[in-house]
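> Below: one structure in structure tokens.
The values are calculated or read from the model by the stated rules, or taken from the named source; none is laboratory data. Bear in mind that the values here come from a model prediction, so they are computed numbers and not experimental data. Neighbour counts are summed over all protein chains in view; Cβ atoms, including those assigned to glycine, are modelled from backbone coordinates with ideal geometry. Each accessible area value is taken on the protein alone, full model and side chains, heavy atoms only, with ligands, DNA and RNA left out. Shrake-Rupley method; radii C 1.70, N 1.55, O 1.52, S 1.80 Å.
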Amino acid sequence: MKILNCPLNGPRNISEFICAGEVEVEPDPNRCSNAEWAEYIFLHDNDAGVVQEWWCHVPTAYWFIVERNNLTDEILRTFPSTEIFTKRQEYSRPDQEAS
Amino acid sequence: MAFALLKYGLGFGKFERQFPKQKDLKDSYDVVIVGGGGHGAATAYYLARDYGITNVAILERGYLGGGNTARNTTIIRSNYLTPEGVAFYDESLSLYKDLSNDFDMNIMYSERGHFTLAHTDAAVRTSRWRAEVNKHLGVDSELVFPNEIKKICPQLNLSEDVRYPVMGALYHPPGAIARHDAVAWGYARGATMRGVELHQKTEVTGIKRSNGKAVGVETTRGTVNAGKIIQCVAGRSSLVAKMAGFKLPIKTVPLQACVSQPLKPFLDAIIVSGSLHVYISQSSRGELVMGGSTDPYGVYQNRSTLEFKEGLMAHMLELFPFLGEVKILRQWAGMADMTPDFSPVMGETPVDNYYIDAGWGTWGFKATPVCGKRNAEMLATGTVPEVLKPFRLSRFEEFHQVGEKGAASVGH
Ligand SMILES: Cc1cc2nc3c(=O)[nH]c(=O)nc-3n(C[C@H](O)[C@H](O)[C@H](O)COP(=O)(O)OP(=O)(O)OC[C@H]3O[C@@H](n4cnc5c(N)ncnc54)[C@H](O)[C@@H]3O)c2cc1C
């Protein structure tokens, strides 16, 4: 069993985690076009090599980021999402002017 | 067989090559097919046979049919969930039935009957739904219960004294298996016989574009121009599409499988359990061909894992307890190009003259003939055939998916 080092819970069996896909910048769902939203939801880089992904430690519902090489199946680094996402994501209301 | 060996061994009789010798690449082709798996070879075959288009090159980075075509567990069925899916896969099934004759080569197509077991009320409900859609479209498919299953497949453990008792099953008598290599070789031989060039060990490394149009490909053996290009590269779909400049709704995830030591024939039916993540059939060699769900996370690697075997066997032994002493002979993996709606991505792309056959995930072997036939029609006539339209890439931005997850063989 592979061991993943969770930033919150330390080294755990990888079967305790789920991989939720690439780290991307989310467009504002109320301001972007359908095509932009569809691209964000459905289309992926699906690169071969070093990738950054959202992972979740399921028993503690803790979300964080994993950097790994998917050609060699090696985990390179795990870190809290606050390293990349430094401020809170705000959502505008559909009936509001974008600020 | 023995006589043939002796005859050729002693130098009598002329040995006929199955495929012509590989030539140098030409400067240009009418159609370039990226990927020499079943889908690529079938596309070339129908282009040559039905449309007389033979100035065609299949470019394959490894060897013919060495990708997922070589790695799949060859289950062929058409008991899908959506009318679009059922029509499409059923066309493929009827083409399969004639392939041995078409090729003059035995693809060992063997109708076995296919059970999708249901272990929960929800799964019984989905089976009934599928059976009704199937029957409506003329596909032989029926919801059956343990007393009927027992008659058709007495080998299966139908005891209630297990963790997940069998509550019912979707029974699909036309469900079949076939020899996967023969499918790739038959198509490629039929194509090369008619003049198509098969270039193995030739990797496409770039797509040449001019004014939004694809005009050629760069390869490890030089550049070639192309009238039209189609990519049929399964697990590497996103990487090749990126060369052409667009993204796909695909995640590449390994799918593993294994076979047991050969046993005397005892299991004719194909047994699948979505909830238990198990499928099993007995090949004509007597090996039990077994598989489960896709890996929990993506890698671009064909490695095998112990977790896969442990997970699979725990459930397998509940269905067939008497297999406890049987040994595993081989284990392998392929890279599955998974889409969010469990349907493929077929047809036109944002790049003119550039077409796609992708998103075949864990279910594309059964679709090899229909893909080849309809790809050829599309490339020859320039219009997308009706049966391919529901699977267009643009369905995602139109939010018009073709949801087939309920008909996927195993849970994912
Ligand atoms: C373990 C396993 C079990 C499966 N079981 C079933 C099943 O029971 N039933 C079913 O219907 N389907 C099944 N599938 C799915 C099925 O195998 C595939 O969907 C199908 O074989 C895809 O065919 P293809 O010709 O598109 O791909 P492939 O056979 O993978 O061919 C693609 C080819 O493209 C080549 N290629 C890639 N990149 C390049 C490049 N840049 N340049 C040139 N060539 C390139 C590759 O080398 C490869 O040979 C299974 C898959 C796996 C892995």
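> Along each principal axis of its Cα atoms, how long is the stretch B:28-145 end to end? Whole angstroms, biggest number first, please.
That gives 57, 28, 26 Å along the principal axes, largest extent first.
> Take the eigenvalues of the Cα gyration tensor for the protein assembly as shown, scale each by 5, and report the square roots as semi-axes in whole Å, largest first. List each step's numbers first, then the result.
Values: eigenvalues 248, 217, 107 Å².
Equivalent-ellipsoid dimensions as semi-axes: 35, 33, 23 Å.
> Still on this model: What GluC sites (Glu not before Pro) in the stretch B:144-242 are in a loop by DSSP, with at most 11 other Cβ atoms within 10 Å of the Cβ? Please list the in-between numbers first.
Details: sites: B:Glu148, B:Glu160, B:Glu197, B:Glu203, B:Glu218; in loops: B:Glu160, B:Glu203.
The qualifying sites are B:Glu160.
> Counting only protein heavy atoms and a 1.4 Å probe, tell me what percentage of the protein assembly as shown's accessible area is made up of carbon and sulfur.
Numbers: 12030 of 23390 Å².
Result for the protein assembly as shown: 51 percent of the exposed heavy-atom area is carbon or sulfur.
> Just from its helices, what would the mean residue ellipticity at 222 nm be for the protein assembly as shown, if runs of 4 or more DSSP H residues each count -39500 (n - 2.57) and the sum is divided by every residue, rounded to the nearest 500 deg cm²/dmol? Working shown, then result.
Working: 11 runs with 129 residues, N = 511.
That comes out to -8000 deg cm²/dmol.
> What pairs from B:Lys23/B:Lys208; B:Lys264/B:Lys373; B:Lys213/B:Lys405; B:Lys97/B:Lys264 go past 32 Å between their alpha carbons? Walk me through the intermediate numbers first.
Details: B:Lys23/B:Lys208 22 Å; B:Lys264/B:Lys373 37 Å; B:Lys213/B:Lys405 34 Å; B:Lys97/B:Lys264 26 Å.
Where the Cα-Cα span goes over 32 Å, the pairs concerned are B:Lys264/B:Lys373; B:Lys213/B:Lys405.
> Related question: Just how much of B:Thr383 is accessible, in Å², when a 1.4 Å probe is used and the result is rounded to the nearest 10?
About 80 Å², rounded to the nearest 10.
> In Å and from the alpha-carbon atoms only, list the Rg and Dmax of the stretch B:270-347.
14.1, 48
> Using a 1.4 angstrom probe on the protein heavy atoms only, line up A:Phe42, B:Phe115 by accessible area, largest first.
Most to least solvent-accessible, the answer reads A:Phe42, B:Phe115.
> Sticking with this structure for a sec: Springs between alpha-carbon pairs under 10 angstrom, Gaussian network model over chain B: which of B:His180, B:His39, B:His277 fluctuates most?
Result: B:His277 has the largest fluctuation of those listed.
> Give the accessible surface of the stretch B:196-341 per residue, rounded to a whole number of Å², with probe radius 1.4 Å and ligands, DNA and RNA excluded. Walk me through the numbers on the way to the answer.
Numbers: 5600 Å² over 146 residues.
That works out to 38 Å² per residue.
> List the trypsin sites (Lys or Arg not before Pro) within chain A that fall in a DSSP loop (any state other than H, G, I, E or B) and whose Cβ has at most 10 other Cβ atoms within 10 Å. Intermediate results must be reported in sequence, preceding the final value.
Working: sites: A:Lys2, A:Arg12, A:Arg31, A:Arg68, A:Arg77, A:Lys87, A:Arg88; in loops: A:Lys2, A:Arg31, A:Lys87, A:Arg88.
Qualifying residues, ordered by number: A:Lys87, A:Arg88.
> How many times 2.2 N^0.38 Å is the alpha carbon radius of gyration of chain B?
Working: Rg = 21.5 Å, N = 412, 2.2 N^0.38 = 21.7 Å.
Compared with the compact-globule rule of thumb, chain B sits at 0.99.
> Counting DSSP beta bridges with both partners in the protein assembly as shown, what percentage is antiparallel, nearest 5? Walk me through the numbers on the way to the answer.
Working: 70 of 91 bridges.
Among the beta bridges of the protein assembly as shown, antiparallel pairing accounts for roughly 75 percent.
> Moving on to the next point. Please label the shape of the stretch B:81-166 as rounded, prolate or oblate, based on the square roots a ≥ b ≥ c of the eigenvalues of the alpha-carbon gyration tensor (a/c under 1.5 means rounded; beyond that, a/b larger than b/c means prolate, else oblate). If you can, show how the numbers build up before the last one.
Working: a/c = 3.13, a/b = 1.56, b/c = 2.01.
The shape class here is oblate.
> Within the stretch B:188-243, which trypsin sites (Lys or Arg not before Pro) sit in a loop by DSSP and count at most 16 neighbouring Cβ atoms inside 10 Å?
Here the sparse-neighbourhood loop sites are B:Arg194, B:Lys201, B:Arg221.
> Could you report the accessible area of B:Val233 in Å², rounded to 10, computed with a 1.4 Å probe on the protein chains as they sit in the structure?
Taking all protein chains as shown, B:Val233 has close to 30 Å².
> I want to verify the translational diffusion coefficient of chain A in µm²/s; compute it with Stokes-Einstein, Rh as the Kirkwood radius over Cα pairs, at 4 °C and 1.567 mPa s. All intermediate terms of the calculation are to be shown ahead of the outcome.
Working: Rh = 15.3 Å.
Once the numbers are plugged in, D ends up at 85 µm²/s.
> Just by accessible area at a 1.4 angstrom probe, what is the order of B:Met316, B:Met335 from largest to smallest?
Details: B:Met316 5, B:Met335 30 Å².
Most to least solvent-accessible, the answer reads B:Met335, B:Met316.
> Mind checking the per residue accessible area of the stretch A:3-83 for me, 1.4 Å probe, whole number of Å²?
Values: 4140 Å² over 81 residues.
Here the per-residue accessible area is 51 Å².
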